[in-house]
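Enquirer: My questions will all concern the structure given below.
The values are calculated or read from the model by the stated rules, or taken from the named source; none is laboratory data. Quick caveat: nothing in here was measured; it's all calculated off a predicted structure. Here the Cβ positions follow ideal geometry from the backbone for every residue, glycine too, while neighbour counts run over all protein chains shown. Quick note on the areas: whole protein, heavy atoms, side chains included, nothing else; ligands and nucleic acids left out. Shrake-Rupley method; radii C 1.70, N 1.55, O 1.52, S 1.80 Å.
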Amino acid sequence: MTAVIESEEHKALRSAVAALGKRYGRDYLTRTIAEGKHLTELWSEAGKLGYLGVNLPEEYGGGGGGITDLSIVLEELGAAGSPLLMLVVSPAICGTVISRFGTEEQKRTWLPGLADGTRLMAFGITEPDAGSNSHRITTTARKDGADWLLTGRKVFISGVDMADAVLIVGRTEDARTGRLKPCLFIVPTDAEGFHKNPIDMELKAAEKQFELVLDDVRLPADALVGDEDAGLLQLFAGLNPERIMTAAFAIGMGRHALGKAVEYARDRTVWKAPIGAHQAIAHPLAQAHIDLELARLMMQKAAHLYDAGDDIGAGEAANMAKYAAGEACVKAVDQSVHTLGGNGLTREFGLASLITAARVARIAPVSREMILNYVSHQTLGLPKSY
């Protein structure tokens, strides 16, 4: 079975999640945002149905699948107009890292709750002066007896107000070389010295963004995830799923916008025919659909490579998928709004807010320019300018 053809199980999962998403839809999302609440009802129901943990091991309450399965869940919820951003973070990044590198105790403590949605974990890598450059991260952990003391700052950390803990990317000093190396720590959000400050975003979303200040947060030895000497390997084990899931987020959003535009173009009549009969309307929508389908193919390739254990191949494909999906999403949203004309900017049709939201997939978790750097250096073998 190739990545191009979905299995019957994946088709069934797609259909079931689409039905769940349809019961909530865009109206639920916009109402929840307006009320300043979280998407608790949808998150809880998705957890009870087993969708949040489809990628996590069965022995810890998950579905035993992979990122391929979880990307289907996020894409279909997005296509229904009610995506769950924390799917990218809690089960995809944090759940994957703990599943692959965590101790038995860490797995028993966290994975069942991440799988059924009763516990939630955020992810902290981005810093004010380093962005997502893991080589410039200044959050540091130093030994104090058997404990760790963690100090630093993080920005644009999603969902901290909902999270039980944050998986923090810090750096520790190599005892042999004295150089700093990346490490991952599970930091409870109620820990002494852990401070969160909301960031005032123009983009309105159910998931809030935060700045974190870590002021000598004392952590036990078992807060460290995985091997102290395998930091980058463990870090990218979480970042590849993040890029794949961001692609799913973007594709779902693009599909939702395109669906609204197609429905409108089919029904809206000016002069004697529906506007969708005119090629000036129909062709750009068809192009947007093609771009979304192509992005989905690359996302499926990346997910299958990752689930097959090919981290190197998955890294290249995940970056390409995230780039393609971000571009396809922005174009689909833009063309959809343009198709509706003035109606595309009204609350009734709910597309205007997507103009801003669609840009997220171009910017986060890594900019399209950095992906082009990755492809030009890693894939094409061109020299670096930095």
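Enquirer: Per 0.36 nm of contour for each residue apart, how much would the distance between ALA286 and LYS22 grow if the chain were fully extended, relative to their Cα-Cα spacing?
Expert: 92.7 nm
Enquirer: Moving to a separate point now. Please list the non-local residues whose amide H lies under 5 Å from the amide H of GLY63, H modeled 1.01 Å from N, same-chain partners needing a gap of 5 or more.
Expert: Placed amide hydrogens put VAL54, ASN55, LEU56 under 5 Å from GLY63.
Enquirer: Once you put a point 7 Å from the Cα of THR356 and another 7 Å from the Cα of HIS278, both along the Cβ direction, what distance in nm separates them?
Expert: Going by the 7 Å Cα→Cβ label model, 3.1 nm.
Enquirer: Next up: Could you identify which residue out of ARG243, ARG179, ARG14 has the top mean-square fluctuation in a GNM of the chain using Cα springs shorter than 10 Å?
Expert: ARG179
Enquirer: Å³ per residue of the Cα convex hull, for the range 234-355?
Expert: Values: hull volume 10.9 nm³, N = 122.
It is 90 Å³ per residue.
Enquirer: Could you compute how much accessible surface LYS208 exposes when probed at 1.4 Å, giving the result in Å² to the nearest 10?
Expert: Its accessible surface works out to 80 Å², give or take rounding.
Enquirer: How compact and how long is the range 1-78, expressed as Rg and Dmax of its alpha-carbon atoms in Å?
Expert: Every Cα atom of the range 1-78 included, Rg and Dmax give 13.7, 45 Å.
Enquirer: Ordering ARG296, ARG368, ARG268 by accessible area with a probe of 1.4 Å, largest first, what comes out? Could the numbers behind the result be given before it?
Expert: Details: ARG296 40, ARG368 75, ARG268 110 Å².
From most accessible down to least: ARG268, ARG368, ARG296.
Enquirer: Let me ask something else. Per the Kirkwood formula on distinct C-alpha pairs, the Rh of the chain is how many angstrom? If you can, show how the numbers build up before the last one.
Expert: Values: mean 1/r = 0.0466 Å⁻¹.
Result for the chain, one decimal place: 21.5 Å.
Enquirer: Of PHE123, PHE156, which has the most accessible area and how do the rest follow, probe 1.4 Å?
Expert: Ranking PHE123, PHE156 by accessible area, largest first, yields PHE156, PHE123.
Enquirer: Check the straight Cα-Cα distances from LYS301 and name the aspartates and glutamates below 13 Å, setting aside those fewer than 8 residues away within the same chain.
Expert: By straight Cα distance, LYS301 reaches GLU6, ASP69, GLU293, ASP310, ASP311, GLU316.
Enquirer: Where the accessible area of the range 152-229 is counted over protein heavy atoms with a 1.4 Å probe, how much of it, in %, is carbon and sulfur?
Expert: Numbers: 1780 of 3870 Å².
The value for the range 152-229 is 46 percent carbon and sulfur by accessible area.
Enquirer: At ARG347 and THR103, where each label point lies 7 Å from the Cα along Cα→Cβ, what is the point-to-point distance in nanometres?
Expert: 5.2 nm
Enquirer: Here's something else I'd like to know. Using a 10 angstrom cutoff on alpha carbons, build the Gaussian network for the chain and name the most mobile of ALA364, ALA206, ALA34.
Expert: Highest fluctuation of the listed residues: ALA34.
Enquirer: What figure, in Å² to the nearest 10, do you get for the accessible area of MET162 with a 1.4 Å probe and non-protein molecules left out?
Expert: 50 Å²
Enquirer: Something else about it: Tell me the angle of helix 311-340 to the major Cα principal axis of the chain, expressed in degrees between 0 and 90 and rounded to the nearest ten.
Expert: Result, in degrees: 40.
Enquirer: Using θ = phi - 60° and the Karplus relation 6.51 cos²θ - 1.76 cosθ + 1.60, list the HN-Hα couplings for the range 190-196 in order, rounded to whole Hz, with x at every Gly or Pro.
Expert: Using θ = phi - 60°, the values come out as 9, 5, 5, x, 9, 10, 10 Hz.
Enquirer: Under 5 Å between amide H atoms, partner at least 5 residues away or on a different chain: which partners does ASP147 have, H built in plane at 1.01 Å?
Expert: The answer is none.
Enquirer: Accessible area per residue, 1.4 Å probe, Å², for the chain: what's the number?
Expert: Working: 17890 Å² over 386 residues.
Result: 46 Å² of accessible area for each residue.
Enquirer: Right, another one. Could you order ARG362, ARG347 by accessible surface area, starting with the largest, using a probe radius of 1.4 Å? Write down the numbers at each step before the final one.
Expert: On the way: ARG362 55, ARG347 230 Å².
Descending order: ARG347, ARG362.
Enquirer: 5 Å is the cut-off here: which amide hydrogens, built 1.01 Å from N in the peptide plane, fall below it relative to THR139, excluding neighbours closer than 5 in sequence?
Expert: ARG153
Enquirer: Give, to the nearest whole percent, the P(r) tail of the range 310-379 beyond 15 angstrom, counting all Cα pairs.
Expert: Values: 1393 of 2415 pairs.
Percent of Cα pairs beyond 15 Å in the range 310-379: 58.
Enquirer: Let me ask something else about it. Let me cross-check LYS384: its accessible surface, 1.4 Å probe, with only protein heavy atoms counted, in Å² to the nearest 10?
Expert: 120 Å²
Enquirer: Taking R0 as 45 Å, what FRET efficiency do you get between ASP215 and GLU41 from their Cβ-Cβ distance, rounded to the nearest 0.05?
Expert: Details: r = 35 Å, r/R0 = 0.79.
Step by step, r from the Cβ atoms, then E = 0.80.
Enquirer: Compute the relative contact order of the chain as a whole-number percentage, counting only Cα pairs closer than 8 Å that sit 6 or more residues apart in sequence. Before the final figure, lay out the partial values.
Expert: Values: 730 pairs, mean separation 59.2, N = 386.
Worked out over the chain, it gives 15 percent.
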